[in-house]
Amino acid sequence: MEIKSKIIFTYGTEEEAHVALGSLKPDNMDFIKAHVEKNNLICDLESSSLRTTLATIDDLIFCEMMAEKIIDFTNNE
C-alpha cells in the first residue's frame, strides 16, 4: 500500500514560508518534497508504511513548530 499525504503550513508572508522551508530541508530531503506557493509551505509525503508516514508527519510538525518560534522571535526583535 502506498500512502500519500499533503500538509500545508500558512505563514504571514512568503518570506516566512521560505525561512520555514530552509529550516526543514536538511532533515527531510529524502522523505518530503516541499515547496513554497505564496505564503504557504506545501509538504508532500509518500511512504509504503503507515508507521513511517505518521513518524515523519510527527517530526515535520515538531520541526515546523521550532521554525515558527524562530520566526516569531525574529519578528519581535
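Once the Cα atoms are used to define both axes, helix 50-75 deviates from the longest principal axis of the chain by about 0 degrees.
Could you pull out the trypsin sites (Lys or Arg not before Pro) across the stretch 15-69 that fall in loop regions by DSSP (anything but H, G, I, E, B) with no more than 11 other Cβ atoms inside 10 Å?
Those satisfying the criteria are Lys38.
On full extension, the segment bounded by Asn40 and Phe73 gains 9.9 nm, given 0.36 nm per residue less the C-alpha separation.
Once the other residues with Cβ under 14 Å from the Cβ of Thr10 are scored (Lys, Arg +1; Asp, Glu -1), what is the net sum? Summing Lys and Arg as +1 and Asp and Glu as -1 gives -4. With q set to 0.15, 0.20 Å⁻¹, the log10 of I(q)/I(0) for the stretch 3-75, from the Debye formula over equal scatterers at the Cα positions, is -0.46, -0.78.
Throughout, read-outs are computed from the coordinates displayed, never taken from laboratory work. Computed from a predicted structure; not experimentally measured. Cβ atoms come from the backbone with ideal geometry, glycine included; neighbour counts cover every protein chain shown.
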